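The values are calculated or read from the model by the stated rules, or taken from the named source; none is laboratory data. None of the values given here were measured: they were computed from a predicted structure. Cβ placement follows ideal geometry from the backbone for every residue including glycine, while neighbour counts extend to all protein chains displayed.
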Amino acid sequence: MSRYTEHEIRNLFATFPNEFINHDQLKAKLFSRQEEPQAGRHAKVLFRVALIAAIFMVFAVTTGGTLVAALQSLLFGNSTAEQLASFEEPSTAISFRIVNRSDRVTAAPESSAFQSFETIVELQAAAPFPVKLPTHLPDNTAPDLLSIQKLPGGEYGHDVRIHYKALSDGNEYSIGLFQYYAGSEASLDLQTTYPIQKNNIGEIEGLVVSDPEGTVHIYWIKDEVLFELFSGYLEVDTLLTIAESV
Amino acid sequence: MVTTPTTTSEQLDMAQIRALYEEYHSRVFRFFRLHTGTKEWAEELLSATFERAIANRRRFNASKGTLEVWLFTIARNLLRDYFRKAGKHRHDALDAASHIISAEKAPDEQAMLQEEHRQLAEALRLLPDRDRTAILLKHIAGLRTAEIAKVLQVTEKNASVILARGMKKLRAIMNEEVPK
């Protein structure tokens, strides 16, 4: 029996054949309508609007409801709430806040707007605080995605994210190192239903959380910066060694 | 390469949609092909994706993501409808991947490659929907992790974890390390 490495699986994706043969036919179907004379298109649009209006009015009258209810029913059927809810994605079961001595939240992680950078040097130059890097990383590891939070005013925020891509025995996996500037005398308020284990990172106390799906997260605060290191592939001990080298 | 408009006021015109079609129709087709298991459904969904893209081209907003993210978000939404109609996790009988005869490969090598592609398609069907989508967005659509996160509406961190875990599961299935 052959055994597949991740590299071989990636090659299979790359060589998976394109079996779509009706390319010209579909292209004609999709784009020919756009080349009809303008007047003809307008007449068709008007006809469709009139038809939809007629169907809508008949529907409203026959259901005996209001026009708004008829429209809602036509658009969503009877399960609007159910359909909308199904688009919600489960969020992460680990969240945290950085709290300073006066209990004021100074950083809110998981901001949505980020700017990407091509190199670590560019990222470090743009970041509003000194970004630290691990001196120890597994072999065959390279920076992959580098980004800094972008605030609505255009300036960079206190949320810096580095994703490394690593290769081991043909398996590609990622290591994340996120850094949040926390300010002086900040503490971490970690909220999770998963067990939290305390581990020393050098002389600093770190918190280790392993989620049920196998991702290990380590949190610690050093020099006014909160670090979060995580991987779904590496063991806790390996991650702790990386953490100590930051 | 299709360039994403950089301002929100710059709407997509038909020439851009055509260019998008030329560049991405093969990737969108294979994305659906490996998701649904059949060529027929993949063709229908490919057609529906570009019909929707044409209809919504004036609503494209560059500040929310690239053209690729927009296109594959449409594709993913259509897949949700497909699975909702077909019943969750239901797949039609798997088509064998057809291969164009290549003069560069010996017949036995081609047969082996065809068999490996069949195994890949079958293993993908055993993955949870989100894992499969993330993997196909990466390895078939060619999206980056940050773009995959936008299509899946999860954080970048979650997307990278979903990808790593999904590939681990896929590899285990293909190597028959887990019961099918």
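Points worth noting:
- Criterion (surrounded by fewer than 22 Cβ atoms within 10 Å (Cβ to Cβ), in contact with a Phe, Trp or Tyr (Cβ under 7 Å, 6 or more places away or on another chain), at pLDDT 90 or above and of a type in the set (Ser, Thr, Tyr)) met by exactly one of B:Ser47, B:Ser26: B:Ser26
- Exactly one residue out of B:His99, B:His117, B:His89 is in the same structural domain as B:His25 (by TED's automatic domain parsing) and either modelled with pLDDT under 85 or not basic (Lys, Arg) (or both), and it is B:His89.
- Here B:Ala172 does not fit the description of being in a loop (DSSP other than H, G, I, E, B) and over 17 Å from B:Phe83 (Cβ atoms).
- Total residues in the stretch B:123-167, condition within 20 Å of A:Glu8 (Cβ to Cβ) and either at the interface with chain A (Cβ under 7 Å from one of its Cβ atoms) or modelled with pLDDT under 90 (or both): 6
One line per residue, one yes/no per condition, for (1) buried (at least 21 other Cβ atoms within 10 Å of the Cβ); (2) farther than 23 Å from B:Val161 by Cα; (3) of a type in the set (Asp, Glu):
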site	(1), (2), (3)
A:Asp139	no, no, yes
A:Asp159	yes, no, yes
A:Ser184	no, yes, no
A:Ser187	no, yes, no
A:Asp211	no, no, yes
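- On the stretch given as the stretch A:204-220, residues that are in contact (Cβ under 8 Å) with a residue 60 or more places away in the chain and aliphatic (A, V, I, L, M) total 1.
- Filtered residue count, the stretch A:128-179, keeping only those that are over 26 Å from A:Gly214 (Cβ atoms), of a type in the set (D, E, K, R) and touching a helix residue (DSSP H, G or I) at 6+ places or on another chain (Cβ under 7 Å): 0
- Test: A:Leu146 is closer than 19 Å to A:Ala125 by Cβ and touching a Ser or Thr at 6+ places or on another chain (Cβ under 8 Å): yes
Yes or no, residue by residue, for (1) charged (D, E, K, R); (2) in contact with an Asp or Glu (Cβ under 7 Å, 6 or more places away or on another chain); (3) not assigned by TED's automatic domain parsing to the domain that holds B:Asn77:
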residue: B:Leu12; (1), (2), (3): no, no, no
residue: B:Phe32; (1), (2), (3): no, no, no
residue: B:Lys39; (1), (2), (3): yes, yes, no
residue: B:Arg57; (1), (2), (3): yes, no, no
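- Within the option set A:Ala166, A:Ala182, being more than 20 Å from the chain's Cα centre (by Cα) and of a type in the set (Gly, Ala, Ser) holds for one residue only, A:Ala182.
- For B:Ile135, the conditions (1) surrounded by 21 or more Cβ atoms within 10 Å (Cβ to Cβ); (2) out of contact with any Gly (no Cβ under 7 Å at 6 or more places or on another chain) all hold with the exception of (2).
- Qualifying residue in the stretch A:46-66 (condition: assigned to a loop (DSSP other than H, G, I, E, B), at pLDDT below 75, surrounded by fewer than 14 Cβ atoms within 10 Å (Cβ to Cβ) and charged (D, E, K, R)): no
- Strands (runs of 3 or more DSSP E) within the stretch A:147-246 that include 1 or more residues within 12 Å of chain B (Cβ to nearest Cβ) and either out of contact with any Leu (no Cβ under 7 Å at 6 or more places or on another chain) or modelled with pLDDT of 85 or more (or both): A:156-168, A:171-181, A:216-222, A:225-231
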